[in-house]
């Protein structure tokens with residue numbers, strides 16, 4: 001990968017469909033093991049772009065960080081060993097947690113395109129919407145971390161138990 005993380009962030013911030021799709025295509029073509037090493041830098045460069053007032057830009061950040069995430073967990077689980085390309089599941093925990101918290105934040109966005117991209121992100125990670133939210137550890141995770149996320153722009157929905165419960169009800173009592 002010849003591009004630096006900041007150049008990807010610039011492409012996402014541009015809001016130009018061609019530049020955004022080129023950045024996503026380019027990151028998807030990078031070797032999975034290489035993405036493990038670079039994911040933190042990519043996340044830190046691109047996350048601030050999410051604060052944009054433009055819904056397409058926010059959606060682009062969600063799509064990019066979702067597609068940049070190296071999904072080695074599936075390969076490790078399917079392998080006979082505990083490592084793939086030198087990585088264990090424990091090595092991936094910090095980046096996965098960072099992405100999951102970001103996807104939870106994106107689920108609260110006012111723009112439906114952003115929320116849809118977040119749901120796609122959970123599906124990419126293999127997180128199911130078939131389990132009722134009251135029986136999952138994710139609710140405990142939300143409660144624990146909801147106050148640690150960056151301040152939201154006025155366009156985003158508040159992260160309160162009332163809005164979460166309303167969303168779960170609207171989704172037919174199934175959680176992400």
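The values are calculated or read from the model by the stated rules, or taken from the named source; none is laboratory data. Note that the structure is a prediction, hence the values are computed from the model and not measured. Backbone-built Cβ (ideal geometry, glycine too); neighbour counts: all protein chains shown.
For the reader, a short list of remarks on this structure follows.
- Unmet requirement for residue 53, which otherwise passes all of (1) within 25 Å of residue 126 (Cβ to Cβ); (2) modelled with pLDDT of 80 or more; (3) not in a helix (DSSP H, G or I): (1)
- Residues of the stretch 78-124 that turn out to be outside any loop (DSSP other than H, G, I, E, B) and modelled with pLDDT of 80 or more, as a count: 27
- Qualifying residue in the stretch 17-37 (condition: modelled with pLDDT of 85 or more, in a helix (DSSP H, G or I), touching a helix residue (DSSP H, G or I) at 6+ places or on another chain (Cβ under 6 Å) and loosely packed, with under 14 Cβ neighbours inside 10 Å): yes
- Set side by side, the residues 18, 53 differ, and just one is touching a residue at least 60 places away in the same chain (Cβ under 8 Å) and farther than 18 Å from residue 97 by Cα, which is 53.
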